[in-house]
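Asks: One structure coming up, written as structure tokens, with questions to follow.
The values are calculated or read from the model by the stated rules, or taken from the named source; none is laboratory data. What you see is a predicted model, and the numbers here were worked out from it, not measured in a lab. Note: ideal-geometry Cβ built from the backbone for every residue, glycine included; neighbour counts use all protein chains shown. Accessible surface is based on the protein model in full, side chains and every heavy atom, while ligands, DNA and RNA are left aside. Shrake-Rupley method; radii C 1.70, N 1.55, O 1.52, S 1.80 Å.
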Amino acid sequence: MKIAHVALWTNNLTAQQHFWQDFFGGTSNELYISKNRPGFRSHFIRLHEGATIELMALEALAQGANGTELTGWAHIAINVGTRQDVDTMVKRASEQKILVSPARITGDGFYEALIRDPDGNLIEIVSDDE
């Protein structure tokens, strides 16, 4: 298994994009604007050695309580292999009552599910199948 990407909530998507490009030499994809979640926008920044950071912005991003979307790191995504591998992990996560969101194809084409670790941190499990 490998880490697919890490994600960062931000109030200033452009500033973050420029920071990761300028400071670390990252390359960015075109701006993604979600058709499924109003106000959600993101860029994926790929670093030289292959690590990827998803910079995410949401209109009226919360600045507050635990459990809400706020500025800072949002989740880590781990590529577990095939869609079947994702489905197997979803079943296990459901049995352990740590499943947050079942497997689905996102608006930007990822097959993923969302689980929580023991501290409540979010982890996306994703497939490398296209």
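Asks: Select from segment 5-14 the residues that are more than 10 Å from Ser42 (Cβ to Cβ) and at pLDDT 90 or above and list them in ascending order.
Replies: His5, Val6, Thr14
Asks: Further question on the same structure: Quick one: which of Val90, Val100, Val80 is at pLDDT 95 or above, in a strand (DSSP E or B) and among the hydrophobic types (A, V, I, L, M, F, W, C)?
Replies: Just a single option satisfies the conditions, and that option is Val100.
Asks: So how many residues does segment 116-128 have that are among the hydrophobic types (A, V, I, L, M, F, W, C) and open to solvent by 20 Å² or more (accessible area, probe 1.4 Å)?
Replies: Counting residues in segment 116-128 that are among the hydrophobic types (A, V, I, L, M, F, W, C) and open to solvent by 20 Å² or more (accessible area, probe 1.4 Å) gives 2.
Asks: Looking only at segment 28-55, count how many residues are open to solvent by 30 Å² or more (accessible area, probe 1.4 Å) and within 17 Å of the chain's Cα centre (by Cα).
Replies: Result for segment 28-55: 16.
Asks: Would you call Leu58 touching a Gly at 6+ places or on another chain (Cβ under 7 Å), open to solvent by 20 Å² or more (accessible area, probe 1.4 Å) and either modelled with pLDDT of 90 or more or hydrophobic (A, V, I, L, M, F, W, C) (or both)?
Replies: So Leu58 passes the test.
Asks: Can you name the residue in segment 1-18 that is open to solvent by less than 90 Å² (accessible area, probe 1.4 Å) and of a type in the set (A, V, I, L, M, F, W, C) and is also farthest from the chain's Cα centre (by Cα) among such residues?
Replies: Filtering first and then ranking leaves Ala15.
Asks: Moving on to the next point. Looking at Arg46, Arg37, which is the one that is under 19 Å from Ile78 (Cβ atoms) and not hydroxyl-bearing (Ser, Thr, Tyr)?
Replies: That would be Arg46, the only listed residue that is under 19 Å from Ile78 (Cβ atoms) and not hydroxyl-bearing (Ser, Thr, Tyr).
Asks: Among the residues of segment 15-30, which ones are part of a loop (DSSP other than H, G, I, E, B) and either farther than 15 Å from Ser42 by Cα or in contact with a helix residue (DSSP H, G or I) (Cβ under 9 Å, 6 or more places away or on another chain) (or both)?
Replies: Once the filter is applied, which keeps residues that are part of a loop (DSSP other than H, G, I, E, B) and either farther than 15 Å from Ser42 by Cα or in contact with a helix residue (DSSP H, G or I) (Cβ under 9 Å, 6 or more places away or on another chain) (or both), segment 15-30 yields Gly25, Gly26.
Asks: Let me ask something else. Within segment 91-114, how many residues turn out to be more than 21 Å from Leu58 (Cβ to Cβ) and open to solvent by less than 20 Å² (accessible area, probe 1.4 Å)?
Replies: Residues meeting the conditions: 1.
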